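K.L.:
Below you will find the structure I want to go over with you.
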Amino acid sequence: MLKTIRKHGITLALFAAGSTGLTAAINQLTKSTIDEQAALQQKALFDQVLPGDRYNNNLSESCYLVNAQALGKGTHRVYIARQDDHPVAAILEATAPDGYSGAIQLLVGVDFTGTVLGTRVTEHHETPGLGDKIELRLSDWITHFSGKTIAAGNDAHWAVKKDGGDFDQFTGATITPRAVVNAVKRAGLYAQTLPAQLPQLSACGE
């Protein structure tokens, strides 16, 4: 009986060790593929907010962490686009804290003169059929930021039409577009301060 128990125990131990080793091997083999797919998805999103012909560096290797009220609470990533090592634009993670159903996460591409190159919503909880029109798959509203320049913090053009600005609001939903417009405006103004800040910024992963 004791021999049988010992034999089964050894068998189970060997099986567990083999399973663990196999799992580790599979994870190792698939990790590079997963990382490659994540990098491709990130690049595709970057291309939507910043034209590829505007820069020639690797954006993922030019990532910085910032804590700036203009971008919302917490730490946000900022990617600096360079043309022959000269900073020309940035892609910023930003948060609109005042959406109708909570915070709205954005990605904003902007050059250092304050011209928005592209904007996309990366996460939100807005009401389906109303506020969710900030998504590109449902409406082209988010594309209307491209090419718009932010002159100053009091630029009246940067508001929804109901508030006297240039941007459409949605029928039955003004809070959501207002929150996005204001967040993009703040991000664009902040981007204009980035060139002077670069020497002091912490790189992602440090």
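The values are calculated or read from the model by the stated rules, or taken from the named source; none is laboratory data. These numbers were taken from a predicted model, which means no experiment stands behind them. Glycine gets a Cβ as well: all are built from the backbone with ideal geometry, and neighbour counts include every protein chain shown. Heads up: the accessible areas ignore ligands, DNA and RNA and are worked out on the full protein's heavy atoms, side chains in. Shrake-Rupley method; radii C 1.70, N 1.55, O 1.52, S 1.80 Å.
K.L.:
Return the residues of region 65-91 that are open to solvent by 60 Å² or more (accessible area, probe 1.4 Å) and part of a helix (DSSP H, G or I); say none if nothing qualifies.
P.N.:
Just the residues of region 65-91 that are open to solvent by 60 Å² or more (accessible area, probe 1.4 Å), to begin with: 65, 67, 69, 73, 75, 77, 83-86.
Of everything in region 65-91, just one residue is open to solvent by 60 Å² or more (accessible area, probe 1.4 Å) and part of a helix (DSSP H, G or I), namely GLN69.
K.L.:
Would you point out the residue of region 127-141, among those that are in a helix (DSSP H, G or I) and touching a Ser or Thr at 6+ places or on another chain (Cβ under 9 Å), that is surrounded by the fewest Cβ atoms within 10 Å (Cβ to Cβ)?
P.N.:
Within region 127-141, the match that is surrounded by the fewest Cβ atoms within 10 Å (Cβ to Cβ) is ASP132.
K.L.:
Then there is this: I'd like to check something: does region 43-63 contain any residue that is closer than 18 Å to GLY188 by Cβ, surrounded by 13 or more Cβ atoms within 10 Å (Cβ to Cβ) and out of contact with any Leu (no Cβ under 9 Å at 6 or more places or on another chain)?
P.N.:
yes
Okay, residues lined up against (1) touching an Asp or Glu at 6+ places or on another chain (Cβ under 9 Å); (2) closer than 19 Å to CYS204 by Cα; (3) touching a residue at least 40 places away in the same chain (Cβ under 8 Å):
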| position | (1), (2), (3) |
| --- | --- |
| VAL49 | no, no, yes |
| ASN57 | yes, yes, no |
| GLU61 | no, yes, no |
| ALA94 | no, yes, yes |
| GLY99 | yes, no, yes |
| VAL121 | yes, no, yes |
| THR127 | no, no, yes |
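K.L.:
Test of understanding: among HIS144, HIS157, HIS124, which residue is open to solvent by 70 Å² or more (accessible area, probe 1.4 Å) and under 19 Å from the mean Cα position of the chain (by Cα)? Break it down into steps so the answer makes sense when it comes.
P.N.:
Values: HIS157 fails: under 19 Å from the mean Cα position of the chain (by Cα); HIS124 fails: open to solvent by 70 Å² or more (accessible area, probe 1.4 Å).
Result: HIS144 is the single residue among HIS144, HIS157, HIS124 that is open to solvent by 70 Å² or more (accessible area, probe 1.4 Å) and under 19 Å from the mean Cα position of the chain (by Cα).
K.L.:
Out of region 73-91, which residues are among the hydroxyl-bearing types (Ser, Thr, Tyr) and in contact with a Ser or Thr (Cβ under 8 Å, 6 or more places away or on another chain)? Full working, then the answer.
P.N.:
Quick first cut of region 73-91, residues among the hydroxyl-bearing types (Ser, Thr, Tyr) only: 75, 79.
Passing the criteria: only TYR79.
K.L.:
Continuing with the same structure: Filter region 160-194 for residues that are open to solvent by 60 Å² or more (accessible area, probe 1.4 Å), assigned to a helix (DSSP H, G or I) and either among the aromatic types (Phe, Trp, Tyr) or under 19 Å from GLU93 (Cβ atoms) (or both) and give the result.
P.N.:
The answer is ARG186, and nothing else.
K.L.:
For GLY205, which of the numbered conditions (1) under 29 Å from ASN58 (Cβ atoms); (2) not aromatic (Phe, Trp, Tyr); (3) not in a loop (DSSP other than H, G, I, E, B) fails to hold?
P.N.:
Exception for GLY205: condition (3).
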